[in-house]
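Since the structure comes first, as structure tokens, the remarks are kept for the end.
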Amino acid sequence: MQQLIRGRVLDFHADPAETEDNHRYLEDGAILIEDGRIVAVDDYAALARPGLAETDHRPNLILPGFIDPHIHFPQVQVIASWGAQLLDWLNTYTFPEEARFADPDHATRMAGLFLDQLTAHGTTTAVAFCSVHATSAEALFAAAEARDMAMVAGKVLMDRNALPAVQDTPQQGYDDSKRLIETWHGRGRQRYAITPRFAITSTPEQMEATGALVREHPDCHVQTHLSENLAEIDYTLSLYPKARDYLDIYESYGLLSDRLLLGHCIHLRDREIARMAETGSRAVFCPTSNLFLGSGLFDEAGLRAAGVVSGIATDVGGGTSYSMLQTLNEGYKILQLRGQKLHPLTAFHWATRGNARALGMEDRIGTLAPGSDADLVVLDARATPAMALRAERAATLAEELFILQIMGDDRAVAQTYVAGKPMKPAH
Ligand code: GUN
Ligand code: ZN
């Protein structure tokens, strides 16, 4: 069955920070969808025909659904925990909370609520860390599959420096990951990410086993954390005294490639930046988290100039909002403190096609190209009285987008479509 979704349509075919011809905007546009995929995008008049089911979202904007390339599923009840920086935040709040995900009933309940939060905020794909328990990954994949939602996720590998209740062993972590990959990787829209939490919580033996998983499953993503916090870096280097720098630990176990997503990447040395560029390893900027945990200021322009591809993500529950709009807002402010500028077109490209490219998934998500999955977000720049007041004076698309970027959150998400299906009740 075909359906037509009408509105002001916007998507990107290039990065506005690099290319002048970068987006398509249709003032009265429409998206033709069949079986969860995009068939065509054009002016409404060119696609409308009698008998075709239609949903009219005018005057709202329709974009590809947001992609969140770094988020922690078992931290839905950790978000907004007071007073700590990374290492004590993990020990005080995060590890005890993640221990609860050994219980499959808890994991299942939280998985549904987590995905509800994502779609309420306009996010249609996330790259998620689960807890150490295979049950947590099972629960998340099952909930995502039931919604036909594209998830990239993995159980964390962690065998030291944490509560026993959130530790595995090199063998157990390897076996559980292997079984989860065999069950879920490439099943429908689900993909597996091999997930060593970070070097502090993995022994060299576990890093060896992780390297084996990566060699055996080269098309899986790999996700971890790098250089978020100065105390973290000191501790990490004391645990791996032979490493030239933090990245060298991951490098020495064969983890570097364009499938590797490195959360944070704040306090990098020149050699690390050069090796990330050479190997295509991705940096993931997590602005609300970096401010909340007092971690530091990401150098977007420096990494770009060096040829490193970056994504932008929420990092809930170190991050403080599920909203990619709020993430772009805080990202704008961090770059201000760096003397850098995040233009609204660049920002919306980043949260859609940019993040899809960081994942190597732009053939299926992040744009409205024919053949892409029909994952969409519908945005209302007049969603609140304050936004409506400001929008009275917005003359251009870029100004409207900037209002959404700075003032928007889930209230500005009028609808979210996952594989062509609306996730919010229509009003
Ligand atoms: N580094 C290792 N684990 C975590 C985590 O859960 N959150 C953040 N922000 N950093 C980490
Ligand atoms: Zn994280």
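Residue exposure proxy: 24, 197, ordered by other Cβ atoms within 10 angstrom of their Cβ from fewest to most, comes out as 24, 197.
State the antiparallel share, in %, of DSSP beta bridges confined to the chain, rounding to the nearest 5. Don't skip to the end; give the middle numbers.
Values: 27 of 60 bridges.
Given both bridge residues lie in the chain, the antiparallel proportion sits at roughly 45 percent.
Extension gain for the segment residue 270 to residue 396, taken as residue separation times 0.36 nm less the Cα-Cα distance, is 41.4 nm to one decimal. Here the alpha carbons of segment 283-427 define both size measures, Rg and Dmax, at 15.6, 47 Å. Can you give the longest run of the chain that contains no GluC sites (Glu not before Pro) sitting in a DSSP loop with at most 13 other Cβ atoms inside 10 Å? That gives 21-391 as the longest site-free run. By the count of neighbouring beta-carbon atoms within 10 Å, fewest first, 28, 159, 219 end up ordered 219, 28, 159.
Can you give the local net charge around residue 420? Use residues other than it whose beta-carbon is closer than 10 angstrom to its beta-carbon, Lys and Arg +1, Asp and Glu -1. Working shown, then result.
Values: positive: 37, 421; negative: 34, 35, 148, 373, 375.
Once all neighbours under 10 Å are counted, the net charge is -3.
Segment 285-311 and segment 367-426 have Cα centres spaced 25 Å apart. What shape does the chain take by its C-alpha gyration tensor, where a ≥ b ≥ c are the square roots of the eigenvalues and a/c under 1.5 counts as rounded, a/b above b/c as prolate, and the rest as oblate? Prolate is the answer for the chain, as a/c is 1.5 or above and a/b outweighs b/c.
Mind checking the full-extension length gain between residue 116 and residue 426? Use 0.36 nm per residue of separation minus the Cα-Cα distance, one decimal, nm. Before the final figure, lay out the partial values.
On the way: separation 310, 0.36 × 310 = 111.60 nm, distance 1.55 nm.
Separation in residues times 0.36 nm, less the Cα-Cα distance, equals 110.0 nm.
Put in order of Cβ neighbour count within 10 Å, fewest first, the listed residues 67, 406, 266 become 406, 266, 67. At full extension, residue 219 and residue 258 could sit 13.0 nm farther apart than now, given 0.36 nm per residue minus the alpha carbon distance. Pick from 277, 193, 351 the residue whose mean-square fluctuation is largest in a GNM of the chain, springs joining Cα atoms under 10 Å. Evaluated over the chain, the most mobile residue of the options is 277.
Counting Lys and Arg as +1 and Asp and Glu as -1 over every other residue whose Cβ lies under 10 Å from the Cβ of residue 326, the net charge comes to -3. Estimated from helices alone, the mean residue ellipticity of the chain at 222 nm is -10500 deg cm²/dmol (sum of -39500 (n - 2.57) over DSSP H runs with n ≥ 4, per residue).
Read-outs throughout are calculated quantities, based only on the coordinates presented, and are distinct from any laboratory measurement. This one's a predicted model, so the numbers in the text were calculated from it and none came from an experiment. Cβ atoms come from the backbone with ideal geometry, glycine included; neighbour counts cover every protein chain shown.
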